[in-house]
Amino acid sequence: MQFRRKHVDQFNASQAARAPLARGFTLIELLVTVAIVAIILGVVVISVEFRNVGKSMSNEARRTGLLMQLASDQAVYSRQQFGIRFHPDSYSFYVLLKNEEDEEEWQIFEDEQLRFRAPEVALEMIVDISGLPIVLENLIDELSDATDENPLQPHIIFLSNGEIIPDFRILISDTGQEFQYEVSSGDLFPVTVQQLSGS
């Protein structure tokens, strides 16, 4: 019995000597793993920052509403008539001025504040004037088709007495229609902005 126990103990000792030692991660393996994780996180963060469609649409809708309110205020302060004309993916501001023949005409208003700035993501606009949808065209095409008898005019006018005419409803959305905002005539405020879809 003692002989057998002695051989078993020797066998266990030899097996333990042959078993490989448990090894941990080397420094190079850890560095490679950290580098891979950092690259993946960087790609995710960049894609989230540049493709935050909801935030871009929200910012654009609010900015459009604020610019329209600013145009209305400027019309009151300067005692001039201002306007805005929409295109499928942009808009232009106008001011009513006298031309060389001393006749009033609408001219594109070039200003650092009252102007469209392209957002980070492509957008689409749908405009209803007095409850009726209107066909929007690109500014370049409209300028080429405009004549003295049929000049470009704004869709919405900001009068010097503070009124905004006519009633309007502007839908601003991304090209996938995932996020949609409405800029419209308001009862309590001249211009209201609300979210219709998206989270």
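The values are calculated or read from the model by the stated rules, or taken from the named source; none is laboratory data. Model, not experiment: these values are computed from the prediction. Methodologically, a virtual Cβ is constructed for each residue, glycine included, from the backbone with ideal geometry; neighbour enumeration extends over all protein chains shown.
Assorted remarks:
- For the stretch 80-106, residues that are surrounded by fewer than 18 Cβ atoms within 10 Å (Cβ to Cβ) and farther than 17 Å from Ile140 by Cβ total 10.
- Within the stretch 170-184, being over 14 Å from the mean Cα position of the chain (by Cα) and surrounded by fewer than 17 Cβ atoms within 10 Å (Cβ to Cβ) holds for one residue alone: Ser184.
- The lone exception for Pro133 - which of (1) within 27 Å of Leu196 (Cβ to Cβ); (2) touching a Ser or Thr at 6+ places or on another chain (Cβ under 7 Å); (3) not basic (Lys, Arg) it fails: (2)
- Residue check: Ile126 meets all listed conditions (1) in a loop (DSSP other than H, G, I, E, B); (2) without any contact (Cβ under 8 Å) to a residue 60 or more places away in the chain but one, namely (1).
- For Ile134, the stated conditions hold: it is in contact with a His (Cβ under 9 Å, 6 or more places away or on another chain) and hydrophobic (A, V, I, L, M, F, W, C).
- Test: residue in the stretch 144-167 that is of a type in the set (Gly, Ala, Ser) and either in contact with a strand residue (DSSP E or B) (Cβ under 7 Å, 6 or more places away or on another chain) or in a strand (DSSP E or B) (or both): no
- Glu120 fulfils the conditions (1) under 27 Å from Ser78 (Cα atoms); (2) modelled with pLDDT under 90; (3) surrounded by 12 or more Cβ atoms within 10 Å (Cβ to Cβ) except for a single criterion, (1).
- Selection over the stretch 107-123 of residues that are in a loop (DSSP other than H, G, I, E, B), under 14 Å from Phe86 (Cα atoms) and not charged (D, E, K, R) gives a count of 4.
- Per-region count, the stretch 153-189, residues more than 14 Å from Ile129 (Cα to Cα) and among the hydroxyl-bearing types (Ser, Thr, Tyr): 4
- Residue in the stretch 54-75 that is modelled with pLDDT under 65 and in a helix (DSSP H, G or I) present: no
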